[in-house]
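The values are calculated or read from the model by the stated rules, or taken from the named source; none is laboratory data. Bear in mind the structure is a predicted one, so any value in this text is a computation, not a measurement. Counting neighbours? That spans all protein chains shown, and the Cβs are built from the backbone with ideal geometry, glycine included. SASA here: full protein model, heavy atoms, side chains in, ligands and nucleic acids out. Shrake-Rupley method; radii C 1.70, N 1.55, O 1.52, S 1.80 Å.
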Amino acid sequence: MSRMHIRRSAVGLVFIGMLTVSACAASPGAPAPVSSDAPSGQSLGSLMPGPPDAPVIGTGTVMDIGGDVKLCLGPVAESYPPQCSGIPMIGWNWDGVEGSEEADDVHWGAYAVTGDYDGEAFTVTEAPTSLALYDPMPMDEQTDGQGSKTPEELQQLQDEIATRFSSAPEILLGSWPADGVLVVDVVWDDGTLQQAADDDFGADAVVIRSALREVE
């Protein structure tokens with residue numbers, strides 16, 4: 001099936017949506033249980049991917065509040081210190097890590113991190129790389145052309161998808177219309193969510209992008 005060509009850098013994924021009113025965003029964390037019993041035409045939001053079985057890499061803001069460390073893959077509020085919601089991190093250590101800031105009991109920085117994701121927490125397995133020095137893998141979704149949805153149809157799609165994920169809002173990082181399709185960022189997808197979106201809404205209506213990506 002065809003896919004729209006959409007490319008965005010990893011740095012953009014960290015900060016996109018901070019001031020976007022139209023994007024639907026939620027706090028990432030533990031996904032809903034995997035299910036194969038979704039009714040026809042209602043699979044997106046009912047069918048969820050299982051955790052990756054190999055290491056993954058994610059780019060985002062590591063936020064440490066009094067020792068409670070999380071990886072924020074979605075929007076980050078432009079406050080000082082910044083605020084965000086994210087996945088709990090296991091094994092994070094600031095020793096030798098450059099490019100961070102501190103204010104009161106908050107310690108944060110933007111990094112590419114590699115590790116294991118079990119659907120609930122991210123276990124760090126390698127030293128992080130500052131996003132200022134990181135050469136990201138391009139997020140590249142391709143199609144033979146552009147989507148054909150109208151702005152009104154895309155708004156309806158955006159509302160519908162937000163409703164579909166209302167029982168698992170931590171999965172959804174954000175969504176916005178682009179060139180006739182709805183781009184939807186999620187914490188993790190192995191193709192399950194994209195297939196469900198294609199089945200429910202047709203090909204080239206919704207492009208699902210996974211913030212966590214398998215290490216190549």
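Kindly establish whether GLU98 is within 29 Å of GLN83 (Cα to Cα), part of a helix (DSSP H, G or I) and open to solvent by 10 Å² or more (accessible area, probe 1.4 Å).
Here the answer is no, as GLU98 does not meet what is asked.
I'd like to check something: does segment 180-188 contain any residue that is open to solvent by 30 Å² or more (accessible area, probe 1.4 Å) and out of contact with any Leu (no Cβ under 8 Å at 6 or more places or on another chain)? Spell out how you get there, then give the answer.
Pass one, segment 180-188, residues open to solvent by 30 Å² or more (accessible area, probe 1.4 Å): none.
No, segment 180-188 contains no residue that is open to solvent by 30 Å² or more (accessible area, probe 1.4 Å) and out of contact with any Leu (no Cβ under 8 Å at 6 or more places or on another chain).
How do the pairs read when you match residues in segment 52-80 that are more than 26 Å from GLU214 (Cβ to Cβ) with residues anywhere that are small (Gly, Ala, Ser), using Cβ under 7 Å and keeping only pairs 6 or more apart or on different chains?
From segment 52-80, the pairs are TYR80/ALA103.
What number of residues in segment 71-95 are in a strand (DSSP E or B) and either aromatic (Phe, Trp, Tyr) or open to solvent by 40 Å² or more (accessible area, probe 1.4 Å) (or both)?
4
Residue-by-condition table, conditions (1) within 21 Å of GLY174 (Cβ to Cβ); (2) not hydroxyl-bearing (Ser, Thr, Tyr):
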| residue | (1), (2) |
| --- | --- |
| GLY66 | no, yes |
| LYS70 | yes, yes |
| GLY74 | yes, yes |
| GLU78 | yes, yes |
| TRP108 | yes, yes |
| THR125 | no, no |
| PRO136 | yes, yes |
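Please find, within segment 31-70, the residue that is modelled with the highest pLDDT out of those that are outside any strand (DSSP E or B) and touching a Gly at 6+ places or on another chain (Cβ under 6 Å).
Of the residues in segment 31-70, the ones outside any strand (DSSP E or B) are 31-43, 45-46, 48-55, 66-67.
The next check asks that each one be touching a Gly at 6+ places or on another chain (Cβ under 6 Å); those that pass are 31, 34, 51.
Values: PRO31: 42, VAL34: 38, PRO51: 96.
That would be PRO51.
When both residues are 6+ apart or on different chains and their Cβ atoms are under 8 Å apart, which pairs have a first residue that lies in segment 162-176 and is within 15 Å of PRO75 (Cβ to Cβ), and a second that is buried (at least 22 other Cβ atoms within 10 Å of the Cβ) and acidic (Asp, Glu)?
So the pair list comes out as LEU172/ASP185; LEU173/ASP185; GLY174/ASP185; SER175/ASP185.
Checking the structure you have, find out if any residue of segment 110-122 is part of a strand (DSSP E or B), within 25 Å of PHE165 (Cα to Cα) and without any contact (Cβ under 8 Å) to a residue 60 or more places away in the chain.
Checked against the condition, which is being part of a strand (DSSP E or B), within 25 Å of PHE165 (Cα to Cα) and without any contact (Cβ under 8 Å) to a residue 60 or more places away in the chain, segment 110-122 yields no hits at all.
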